[in-house]
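The structure under discussion appears below in the form of structure tokens.
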Amino acid sequence: MTEIRTPRLVLRRWLDDDLVPLSEIHADPVVMRGIGDGRPRSLDQTAEDIEAWEEEWDEEGYGMFAVELLGSGELAGAVGLSLADAPAEVAGQVAISWRLGRVFWGQGYASEAAHATLEFALQDRGLDRVVAVCRTGDSASVNVLDKLGMRPEGTAQHPVLGHDLALYGIDLTQYQE
């Protein structure tokens with residue numbers, strides 16, 4: 001079982017007990033506004049997400065981690081890697097993403113978890129490149145991407161909703177621990 005420990009977090013594979021807390025995070029429209037189609041997700045949709053993430057772990061050797069607070073064991077959200085399917089500019093590339101419950105925002109957890117995930121991707125999994133996509137104007141995500149050393153690589157439009165997206169990337173030669 002893949003597990004990464006940071007000073008305050010445990011990044012691990014998904015457990016049955018994670019479904020309800022993640023579905024509560026997914027039910028928050030503010031959390032979900034920049035993810036997928038921007039709509040909150042139901043308990044059943046969250047279960048499908050976890051199942052798909054676990055399948056990606058089994059097939060690709062990477063996926064979305066459950067982010068657990070080291071001290072309390074509380075599920076803070078998800079961070080990880082997935083094969084991007086859109087927009088076309090990054091389709092087929094490995095993308096890093098995260099989503100945390102609102103109560104965990106502003107405490108550096110996203111940066112801490114994303115940094116550990118990027119290191120995992122480039123050093124442990126031997127990937128040469130990782131991309132990220134965020135909604136234009138999402139300053140919190142851009143802040144995390146900047147901390148990771150990811151560089152802006154252009155813009156695109158959401159293939160379904162049409163809003164503007166910012167594209168970021170980093171390759172192994174640009175990565176600094």
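Computed from the coordinates by the stated procedures, all read-outs in this text should not be read as laboratory data. Not measured: the values here are computed from a predicted model. Cβ: placed from backbone, ideal geometry, glycine included. Neighbour counts: every protein chain shown.
Starting from the Cα of VAL30, move 7 Å in the Cα-to-Cβ direction to define the label point; list residues of the range 97-137 whose amide nitrogen is under 15 Å from there. Counting backbone N atoms under 15 Å from the label point, the list is 100-107.
Per residue, the convex hull spanned by the Cα atoms of the range 52-150 amounts to 111 cubic angstrom. Helical runs assigned H by DSSP (4 residues or longer) give the chain a calculated mean residue ellipticity at 222 nm of -8500 deg cm²/dmol, each run adding -39500 (n - 2.57) before division by the residue total. For VAL160 and SER72, a Förster radius of 35 Å and the Cβ-Cβ distance give a FRET efficiency of 0.40, rounded to the nearest 0.05.
As a proxy for reagent exposure, HIS115, HIS26 were ordered by neighbouring Cβ count within 10 angstrom, fewest first; the result is HIS115, HIS26. Under the criterion of Cα pairs below 8 Å and six or more residues apart, the relative contact order for the chain equals 17 percent. Remark: the range 66-177 carries a charge dipole of roughly 200 debye about the Cα centre, counting +1 on each Lys and Arg Cβ and -1 on each Asp and Glu Cβ. Taken over the range 3-171, the alpha-carbon convex hull comes to 108 cubic angstrom per residue. How far is the Cα center of the range 151-177 from the Cα center of the range 106-148, in Å? The two parts, judged by their Cα centres, are 11 Å apart. Projected label points at ARG39 and THR6, each 7 Å from Cα along the beta carbon direction, are separated by 3.1 nanometres. Computed over the chain with a Gaussian network model linking Cα atoms closer than 10 Å, the most mobile of SER97, SER72, SER23 is SER72.
Once the Cα-Cα distance is subtracted from the 0.36 nm per residue extended length, the ARG125 to ASP146 segment shows a gain of 5.4 nm. Each Lys or Arg adds one and each Asp or Glu subtracts one; over the other residues with Cβ under 13 Å from the Cβ of ARG151, this totals -1.
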